[in-house]
Amino acid sequence: MAVFTPVDPAEVQAFLREFDLGELTELEGIGSGIENTNYFVGTTRGRYVLTLFERLGAEQLPFYLALMHHLAAHGIAVPDPMPGRDGQALRRLKDKPAALVTRLRGRSVLRPRPLHCAQIGECMARMHLATRDFAPRQPNLRGLDWQRGIAPRLAPRIEPAQRLLLETELAHQSLLAASPEHASLPRGAVHADLFRDNALFDQDQLSGVFDWYFAGVDTWVFDLAVALNDWCIELDTGVFDAERRAALLDAYQRVRPLQPLERELLPDALRAAALRFWVSRLGDLHLPRDAQLLQPHDPTHFERVLRQRQLETRLREGLD
């Protein structure tokens, strides 16, 4: 585990007494993830995932849990938080915030084909439409304000060419974010981290989307851009695979057609999405939080993706 708080079966059995979910039959640590401690939990009544939150505070977590429950109630395949006997899903275990959610079937597809990308596009559009009546509001905590705040701490730790890339792209995105066009984009609660390892497939059928703990209110086109930048690229170059990109976009638009302004600003959203994860990974590498991250993701991947998205902008403008 990248972040690890050990719990033993007796502690989990005591925790389960706060629920009406039966007796413990299985407890297995989950090795993936860099933010939280996760366990598979089996009981005499079902299969669940227990999460102990290492970074997020109790003031942020109700938003995530409420969003997951809202989407599950709208027929979206997401983990559904389980309420305790008192009706509350957010609990405490080992002096940390904790929650128990339903366990999804399937496994992640790390080499997606167009058929996988199409299902992600359709699901994302359905998620966006389902959040139209979701009232709680919480900003994207890794959005542009956070990026601008951490950039001065990163600047002395990166190469001059990287500093220039960081400064110029932040300036571009800041100018765009202040525009009336950006303010008019459709928005709502979004996943904001829908990478290929945050979805599960069962025999090539999408069985669920998980890891909602970076969710927040942002533009829907930004959420779409995050997915495109992971599901539809060649990982070694950052270049789009045209067939996968078309499959995801076409499936999304069959459910929720993009507005003309969204189509116009999609290239900028793709750059914003690449910037967000490049800055986040730079922070994990150069500004680790109390040694909680054992192996941060390589930031050069999203530096490469960002440079590729900028190149596409220059080529498009040159053709214009």
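The values are calculated or read from the model by the stated rules, or taken from the named source; none is laboratory data. Being a predicted model, the structure only gives us computed values, none of them experimental. Cβ coordinates were reconstructed from backbone atoms using ideal geometry, including for glycine residues, and neighbour counts include every protein chain displayed.
Observations on the structure shown:
- Qualifying positions in region 175-188 - surrounded by 13 or more Cβ atoms within 10 Å (Cβ to Cβ) and in a helix (DSSP H, G or I): Leu176, Ala177, His182
- Residue match in region 59-75 (condition: in contact with a strand residue (DSSP E or B) (Cβ under 9 Å, 6 or more places away or on another chain), farther than 24 Å from Ser108 by Cα, surrounded by fewer than 17 Cβ atoms within 10 Å (Cβ to Cβ) and of a type in the set (D, E, K, R)): no
- Leading residue by the ranking (nearest to the chain's Cα centre (by Cα)) among those in region 230-289 that are closer than 23 Å to Ser108 by Cα, without any contact (Cβ under 8 Å) to a residue 24 or more places away in the chain and part of a loop (DSSP other than H, G, I, E, B): Glu234
- When each of His172, His191 is tested for being buried (at least 18 other Cβ atoms within 10 Å of the Cβ) and either in contact with a Ser or Thr (Cβ under 7 Å, 6 or more places away or on another chain) or at negative phi (or both), the lone residue that passes is His191.
- Only one of Leu144, Leu164 that is modelled with pLDDT of 95 or more, of a type in the set (A, V, I, L, M, F, W, C) and surrounded by 13 or more Cβ atoms within 10 Å (Cβ to Cβ): Leu144
- Matching residues, region 194-234, being touching a helix residue (DSSP H, G or I) at 6+ places or on another chain (Cβ under 8 Å) and acidic (Asp, Glu): Asp204, Asp211, Asp223, Asp230
- Qualifying residue in region 288-298 (condition: in contact with a strand residue (DSSP E or B) (Cβ under 8 Å, 6 or more places away or on another chain) and buried (at least 16 other Cβ atoms within 10 Å of the Cβ)): no
- In this structure, Leu115 does not qualify as touching a residue at least 24 places away in the same chain (Cβ under 8 Å) and under 30 Å from Ala14 (Cβ atoms).
- Residue in region 13-24 that is modelled with pLDDT of 95 or more, part of a strand (DSSP E or B) and more than 19 Å from Ala199 (Cα to Cα) present: yes
- All positions within region 58-82 that are within 21 Å of Glu26 (Cα to Cα) and touching a residue at least 24 places away in the same chain (Cβ under 8 Å): Pro79, Met82
- Meets criteria (surrounded by fewer than 15 Cβ atoms within 10 Å (Cβ to Cβ), closer than 30 Å to Glu243 by Cα and not polar (S, T, N, Q)) for Arg107: yes
- Given (1) surrounded by fewer than 18 Cβ atoms within 10 Å (Cβ to Cβ); (2) touching a helix residue (DSSP H, G or I) at 6+ places or on another chain (Cβ under 7 Å), index of the condition Asp95 fails: (2)
- Matching option when the condition is in contact (Cβ under 8 Å) with a residue 12 or more places away in the chain, over 23 Å from the mean Cα position of the chain (by Cα) and farther than 17 Å from Ala189 by Cβ, among Val12, Val49: Val12
- Here Ser179 does not qualify as assigned by TED's automatic domain parsing to the domain that holds Ala273, over 19 Å from Leu311 (Cβ atoms), of a type in the set (Ser, Thr, Tyr) and within 25 Å of the chain's Cα centre (by Cα).
- Within region 127-145, being touching a helix residue (DSSP H, G or I) at 6+ places or on another chain (Cβ under 9 Å), in contact (Cβ under 8 Å) with a residue 40 or more places away in the chain and in a helix (DSSP H, G or I) holds for Met127, His128, Leu129, Ala130, Thr131, Leu144.
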